[in-house]
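Structure first, commentary second.
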Amino acid sequence: MGLFVAQVLTGLANAAALFLVASGLSLIFGVTRIVNFAHGSFYMLGAFIGYSLMQVLPGMFGFWASVVLAGLAVGVIGVIVEICVLRPVYKAPELFQLVATFGVILVIQDLALLTWGADDVLGPRAPGLKGIVRIMDEPVPKYDLALIAITPFILFGLWYLIARTRVGILVRAATQDREMVGALGVNQAWLFTGVFFLGATLAGLGGAIQLPKGGADLLMDFNILAAIFVVVVIGGMGSLPGAYVAAVLISVLNVFGVTYLPQSTLVLMFVVMAVVLMIKPYGLFGREEVAGEHGQVGEPERPIKPAGIKVRVLVAVGILLLALLPVFGSSFSQVLTADVIIFCLFAASLHFILGLGGLVSFGHAAYFGGGAYVAALLVSYLQTPMEIAFLLAPVGAGFAAFIIGWLCMRLTGVYFAMLTLAFAQLLWSLVYQWGEFTGGDDGLVDIWPSEWLNSTTPYYYFTLVFGIGGILLLRHVAHSPFGYALRASRDSARQAEATGINTKRVQWLAFTFAGAVAGLSGALFVFSKGSVFPTELEVARSFDALIVIFLGGVKTLSGAIVGGASLEYAKDFLTRFEYWRLTLGLIIIFVVILAPEGISGTLRKLAERIGIMKDPDSNHSKIRNPAVNAKAHTRENTRENTREDP
Amino acid sequence: MNIILDVRNLSKSFHGLQAVDFVNFEVREGELLALIGPNGAGKSTCFNMLMGQLKPTTGEVFFQGENLVGKYPRQIWRKGVGRTFQITGTYSSMTVVENVQMALMSHRRRIFSIFPYAHKIYKEEAISYLDMVGLADQAERHCAILAYGDLKRLELAIALCHKPTLLLMDEPTAGMAPTERESVMQLTADIVKDQNISVLFTEHDMDVVFGHAHRILVLNRGKLIANGSVDEIRNNPLVQEVYLGGGNLFEVAS
């Protein structure tokens with residue numbers, strides 16, 4: 001009994017930091033609709049800055065002053081990030097800001113490395129709260145009790161701010177309809193900045209307050225990221241009490257998990273999230289998101305057409321050049337290009353559901369890594385010939401996507417994204433912690449292709465055929481009736497359902513198809529490397545694909561390919577330098593700001609402006625009816641306009 | 001005349017609010033039936049129950065003898081009921097003609113095929129529907145830059161694709177300028193007459209209603225308070241009470 005109580009108390013104390021960081025994330029998302037990946041970095045900065053301050057400021061007063069000052073300092077950093085990085089891209093397509101925040105993560109990682117070095121630092125213990133208290137004979141640190149006591153006050157303070165003050169009213173109003181708030185004369189830009197300050201401050205406080213329990217290291221940004229997303233989603237987006245309850249739930253379960261089911265620790269919170277979302281699709285305290293409530297940001301997507309003869313010739317020449325690479329390129333260039341093709345295929349499969357279907361999956365690596373593991377397991381345990389294992393990998397990955405897609409389909413938007421992430425993490429932790437079957441952290445090795453493919457050049461051609469083939473297949477399906485039905489379900493589910501299209505089934509099958517193609521890329525990957533490790537299933541892998549799609553241009557079919565190739569080659573070049581993250585992060589941020597439609601979308605715009613390509617919209621109306629084009633820009637007003645028929 | 005749609009004891013309550021209160025009516029073959037009433041009378045609720053978007057609290061909806069209650073919108077559409085929305089729902093990433101082709105692909109059950117190029121199939125047929133509503137010259141334009149009135153026409157073309165027996169139109173002229181209202185409604189009347197489609201529509205514009213409806217239903221606070229010909233409704237004191245609090249009205253109907 002005593003142990004039980006002690007564990008509950010430990011869980012409650014752990015919940016403090018988690019709640020602080022998660023509530024900040026929830027506030028920022030609620031008002032700005034930005035999924036702030038850099039929130040974990042704010043938390044890490046809070047810890048490091050707090051640590052540095054505690055070295056200078058002595059005593060009990062110094063400790064708590066350091067915590068508060070660290071929070072405020074991180075708040076200021078948040079403001080800088082918001083003004084410099086996010087403000088220029090608010091008008092960009094939805095979720096594009098996510099890429100910008102990813103750039104911020106990289107920059108902060110290297111800046112922290114520069115400032116505090118690579119070693120972990122141990123947090124100082126809080127003066128005056130150093131000892132332990134015996135509760136039912138079990139030792140409980142005094143600092144834990146202090147945290148347990150403080151957290152409800154912070155919750156109450158935040159709740160009061162949001163529910164009872166004028167600022168809180170503005171924040172809540174902006175959460176519901178930010179355009180209306182703008183129309184009523186509130187300066188949105190400063191409201192967003194203010195919310196970012198508050199959210200970042202909370203993250204910084206969270207980082208500083210957990211110092212005596214955990215210290216600070218350079219991995220804590222990614223380590224907390226998944227947990228705070230889980231907390232926000234379980235509690236319900238935008239609900240402070242929800243975030244608190246969820247933080248307590250996750251923390252307490254985690255403490256018990258460590259004691260009784262040590263092999264379950266990684267997966268536990270994702271299981272909880274999956275269960276909660278399947279029972280309550282909008283979290284414990286969340287309300288249903290009304291579709292279209294926040295309006296579409298940016299230009300609507302253009303109609304797609306199969307490539308014309310010029311583009312086809314260009315693509316054919318490109319493929320020919322790739323095919324000639326072994327003649328003039330080194331063996332290393334073949335390996336690198338094969339890696340790029342594999343990654344592009346993976347990114348293109350995600351683009352199929354994300355770009356065309358509007359289904360944002362945060363867990364697409366599950367099918368990439370899944371395919372790789374299916375092939376590797378078949379080869380390791382059943383001595384399956386490589387050719388058969390290679391073909392079964394997409395089948396296995398497709399099957400996983402079929403099951404997971406079915407479970408996720410009832411959710412939409414961010415909740416859908418989080419549930420796909422939960423299942424991907426589930427698969428990852430299964431592979432990671434079921435060591436005797438999957439090799440765990442050591443991975444599966446010695447997975448080489450058959451004799452006839454087992455050297456660089458033949459396997460390069462093999463990759464070329466299946467990689468480019470897969471990409472062309474995805475493109476063709478995009479132009480088929482099925483691809484159109486997928487876009488129709490995204491554009492107007494209401495109209496699609498009212499004209500006989502089972503939108504959920506269309507999306508489910510598209511999800512399965514994309515999973516199978518990701519599995520194909522995973523199979524290509526595993527035989528090119530000869531091994532597979534759990535990292536191939538990680539969140540970071542999923543995010544890689546997500547980032548390149550947005551960098552390349554989510555609204556163009558070629559976006560995933562352009563983005564994937566650019567990022568892979570850039571990474572290969574940059575990782576030779578010491579502070580490559582800083583450079584890459586800055587490049588990403590600059591691309592995001594300078595090319596808000598992605599590389600491919602911006603290049604197209606540029607080509608149209610200088611006259612190489614034609615803008616289908618303006619071109620058409622120039623011939624037919626110049627007045628209509630002018631109207632298009634003031635579409636809101638056209639409701640009241642009469643259109644004179646010619 | 002044959003009864004196409006038979007609505008019996010239809011009602012819907014939202015947390016105690018009786019939005020639609022035991023309504024009975026029928027739609028006859030080939031008629032243009034208007035459902036009118038002040039804001040909040042329950043027209044849209046009624047419509048959404050007919051199309052399967054809302055589940056009625058009580059009642060049945062028989063379409064050619066078959067009960068539609070409990071069916072999904074897409075299933076009801078397959079039976080031959082088309083609809084247009086009060087706020088248009090079109091596929092903004094496609095061209096105008098592709099919007100219509102999409103409905104044709106769905107009608108022919110081709111949405112799961114992955115071999116043909118979608119922009120090629122049923123194109124001529126789709127253009128013929130666009131021609132019907134006067135949009136053929138804009139077939140290749142991007143749907144997102146269409147004027148609002150044209151979007152309404154496009155929705156009509158989409159709704160005609162599967163040769164419906166019954167067309168449900170929720171405020172077909174909402175948000176349009178007066179001259180355009182008349183032309184769209186005249187167009188609709190001509191098409192449905194030509195193809196023998198029955199229409200049930202809601203509308204706030206009394207010129208449109210009295211100019212084109214064959215018969216009118218009046219809803220007020222969820223209750224059906226009148227059901228009759230245009231003249232009967234025009235002279236019905238109860239309806240006048242609801243709309244203007246007495247006095248004569250609807251004189252200028254064209």
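Of interest is the spacing of the C-alpha centroids, which for region A:22-40 and region A:365-408 amounts to 35 Å.
For the peptides A:261-268, A:580-587, A:422-429, the ranking by mean Cβ contacts within 10 Å, running from highest to lowest, is A:422-429, A:580-587, A:261-268. Using only side-chain charges placed at the Cβ, +1 for Lys and Arg and -1 for Asp and Glu, the dipole size of chain A relative to its Cα centre rounds to 1680 debye. In chain A, the DSSP-assigned H stretches of four residues or longer account for a calculated mean residue ellipticity at 222 nm of -23500 deg cm²/dmol, using -39500 (n - 2.57) per stretch and the full residue count as denominator.
Counting only alpha carbon atoms, the long axis of helix A:188-209 and the longest principal axis of chain A meet at about 50°. Of all DSSP-defined beta bridges confined to the protein assembly as shown, some 65% are antiparallel rather than parallel. Between 0 and 90 degrees, the angle of helix A:413-433 with respect to the longest Cα principal axis of chain A falls at about 80 degrees.
For B:I225, the amide hydrogen comes within under 5 Å of the amide hydrogens of B:V218, B:L219, B:N220, counting only partners 5 or more places away or on other chains and with H modelled in the peptide plane.
Counting Cβ atoms of other protein chains within 10 Å of each residue's Cβ and taking the mean over peptide A:474-482 gives 6.
Placing +1 on the Cβ of every Lys and Arg and -1 on the Cβ of every Asp and Glu, with no other charges, gives region B:112-226 a dipole of roughly 420 debye about its Cα centre.
For each pair in A:K305/B:K152; B:K79/B:K193; B:K71/B:K223, compute the distance between the two Cα atoms and list the pairs where it is over 22 Å. Violating the 22 Å limit, Cα to Cα: A:K305/B:K152; B:K71/B:K223.
Look at the stretch B:114-125: the mean tally of other chain Cβ atoms within 10 Å of its residues' Cβ atoms is 4. Listed from fewest to most Cβ neighbours within 10 Å, the set A:E436, B:E31, A:E578, B:E155 follows the order A:E436, A:E578, B:E31, B:E155. Dipole magnitude for chain B: computed about the Cα centre from +1 point charges on Lys and Arg Cβ and -1 point charges on Asp and Glu Cβ, it is near 1140 debye.
Packing here is the average count of other Cβ atoms within 10 Å per residue, and on that basis the peptides B:83-96, A:460-473, highest first, run B:83-96, A:460-473.
What does the helix-only formula give at 222 nm for chain B: each DSSP H stretch with n ≥ 4 adding -39500 (n - 2.57), the total divided by the residues, and the result rounded to the nearest 500 deg cm²/dmol? Calculated at 222 nm, the ellipticity per residue is -10000 deg cm²/dmol. Any idea which of A:A498, A:V562, A:I309 is furthest toward the positive side of the dipole for the protein assembly as shown, if Lys and Arg beta-carbons carry +1 and Asp and Glu beta-carbons -1? Positive-most Cα among the choices belongs to A:A498. Taking amide H as placed 1.01 Å from N in the peptide plane, the amide H of B:I4 sits under 5 Å from that of B:V27, B:R28, B:E29, each at least 5 places away or on another chain. Peptides A:13-25, A:353-365 ranked from most to least packed by the mean count of surrounding Cβ atoms within 10 Å: A:13-25, A:353-365.
Computed from Cα positions, the angle between helix A:59-81 and the longest principal axis of chain A comes to roughly 20 degrees. Using the Karplus relation 6.51 cos²θ - 1.76 cosθ + 1.60 with θ = phi - 60°, the per-residue 3J(HN,Hα) values for region A:224-241 come to 8, 4, 4, 4, 6, 5, 4, 4, 4, 6, 4, x, x, 3, x, 9, 5, x Hz, with x marking Gly and Pro. Whole-Hz Karplus values for region B:117-128 come out as 7, 5, 6, 9, 7, 6, 5, 4, 4, 4, 5, 5 Hz, taken residue by residue from phi with 6.51 cos²θ - 1.76 cosθ + 1.60 and θ = phi - 60°; glycine and proline positions read x. Across peptide B:100-107, the average count of Cβ atoms from other chains found within 10 Å of a residue's Cβ is 5. 3J(HN,Hα) couplings calculated from phi for region A:574-579 with the Karplus curve 6.51 cos²θ - 1.76 cosθ + 1.60 (θ = phi - 60°) are, in sequence order, 6, 5, 6, 9, 5, 9 Hz; Gly and Pro show x.
Each reported figure results from applying straightforward, stated rules to the coordinates on display, with no laboratory input. Keep in mind that what you see is a predicted model, and the values were worked out from it rather than measured. As a convention, Cβ positions derive from the backbone with ideal geometry for all residues, glycine included, and neighbour counts pool all protein chains shown.
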